[in-house]
Amino acid sequence: MKLYRAKDYYDMSRKAANIISAQIIMKPNCVLGLATGSTPVGAYKQLIEWYNKGDLDFSRVKTANLDEYKGLTRDNDQSYYHFMKQNLFMHVNIDVTNTHIPDGMESDAEKEAARYEEILRNLGGIDLQILGLGHNGHIGFNEPSDIFPKDTHIVDLQESTIEANKRFFESADQVPRQAYTMGIGTIIRAKKILLMVSGEDKAEILYNALCGPVTPKVPASILQLHPDVIIVADEAALSKWETN
């Protein structure tokens, strides 16, 4: 496990973008596991900037997203398909047929989970999986549980997750209550993992995830067992480490 300390969100984003861009340059046909939410936006902006300068080529890159809300159409402005289009895909030369996101409109959970796992197998696995960290320790939408979910599945979102995500909607009532997500087993099968964390509000859960026991009650704690994890976190997110 490697830890890179960043000064602030901007510095974290730039350092993370450096790691992602290196992966693309070293393996132009790499498979990137992508995350949504506010954490990776800065890194995506940096990648777009480097693409516009001619430093990056996405033409052979393949992507697979961690998750998608159940019940949102792709053209819904809160869907993760829309998020990826607005924050990365429409700004670079990626082939849209090489981008993959769970289908939030599929009502048959088992069917959709099996379909997405088959896509990941056909891609040959993920070379670099990008992750954010939820306030309750979730990665993807894998909420605290009694077990580590193995494969892609549907999950009931906890109130803390709904509360954290309601800022993207007009009200908490509009936040979907379920989502499709890669399982913990799916995530840790990635060859390399990049965890991005920013803000003092994430300090305690980051410390617990990486320094506490490995437990499904803190899903991100499973990262302690992965052989190649890179953490890029700003000073605020690492503040708990300074007192321990």
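The values are calculated or read from the model by the stated rules, or taken from the named source; none is laboratory data. Quantities reported herein were computed from a predicted structural model and do not represent experimental measurements. Ideal geometry is used to build each Cβ from the backbone, glycine not excepted, and the neighbour counts take in all protein chains shown. The accessibility values were calculated without ligands, DNA or RNA, using every heavy atom of the protein model including side chains. Shrake-Rupley method; radii C 1.70, N 1.55, O 1.52, S 1.80 Å.
Summary table below
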read-out: Of all residues making up region 20-34, the number that are hydrophobic (A, V, I, L, M, F, W, C) and either out of contact with any helix residue (DSSP H, G or I) (no Cβ under 9 Å at 6 or more places or on another chain) or open to solvent by 40 Å² or more (accessible area, probe 1.4 Å) (or both); value: 3
read-out: Given (1) out of contact with any strand residue (DSSP E or B) (no Cβ under 7 Å at 6 or more places or on another chain); (2) within 26 Å of residue 195 (Cβ to Cβ); (3) open to solvent by less than 60 Å² (accessible area, probe 1.4 Å), index of the condition residue 60 fails; value: (3)
read-out: Residue, surrounded by the most Cβ atoms within 10 Å (Cβ to Cβ), within region 106-136, restricted to residues that are assigned to a loop (DSSP other than H, G, I, E, B) and of a type in the set (D, E, K, R); value: 127
read-out: 1 or more residues under 22 Å from residue 235 (Cα atoms) and either of a type outside the set (Asp, Glu) or free of Cβ contacts under 8 Å to residues at least 24 places away in the same chain (or both): qualifying strands (runs of 3 or more DSSP E) within region 1-93; value: 2-6
read-out: Every pair of residues 6+ apart whose Cβ atoms lie under 7 Å, when the first sits in region 150-162 and is surrounded by 18 or more Cβ atoms within 10 Å (Cβ to Cβ) while the second is of a type in the set (S, T, N, Q) and part of a helix (DSSP H, G or I); value: 152/186
read-out: Pair list, Cβ < 7 Å and 6+ apart or interchain, from region 196-214 residues that are more than 22 Å from residue 128 (Cβ to Cβ) to residues that are open to solvent by 60 Å² or more (accessible area, probe 1.4 Å) and not in a loop (DSSP other than H, G, I, E, B); value: 203/240; 204/240; 207/240; 207/241; 214/224; 214/225
read-out: Flag for residue 98 being open to solvent by less than 80 Å² (accessible area, probe 1.4 Å), at pLDDT 95 or above and touching a Ser or Thr at 6+ places or on another chain (Cβ under 6 Å); value: no
read-out: Of residues in region 64-83 being over 16 Å from the mean Cα position of the chain (by Cα) and surrounded by 17 or more Cβ atoms within 10 Å (Cβ to Cβ), the one modelled with the lowest pLDDT; value: 72
read-out: Single unsatisfied condition, residue 92 versus (1) open to solvent by less than 10 Å² (accessible area, probe 1.4 Å); (2) farther than 19 Å from residue 132 by Cβ; (3) β-branched (Val, Ile, Thr); value: (1)
read-out: Number of the condition not met by residue 86 [criteria: (1) under 24 Å from residue 51 (Cα atoms); (2) crowded, with 22+ Cβ neighbours inside 10 Å]; value: (2)
read-out: Strands (runs of 3 or more DSSP E) contained entirely in region 150-226, each with at least 1 residues that are more than 30 Å from residue 118 (Cβ to Cβ); value: 192-197
read-out: Which numbered condition residue 226 misses (of (1) surrounded by fewer than 19 Cβ atoms within 10 Å (Cβ to Cβ); (2) in contact with a helix residue (DSSP H, G or I) (Cβ under 7 Å, 6 or more places away or on another chain); (3) farther than 17 Å from residue 133 by Cβ); value: (3)
read-out: Residue selected from region 204-223 under the condition under 19 Å from residue 241 (Cα atoms) and of a type in the set (S, T, N, Q), by the criterion most open to solvent (accessible area, probe 1.4 Å); value: 208
read-out: Of all residues in region 173-203 being small (Gly, Ala, Ser) and either at pLDDT below 95 or within 17 Å of residue 214 (Cβ to Cβ) (or both), the one that is surrounded by the most Cβ atoms within 10 Å (Cβ to Cβ); value: 179
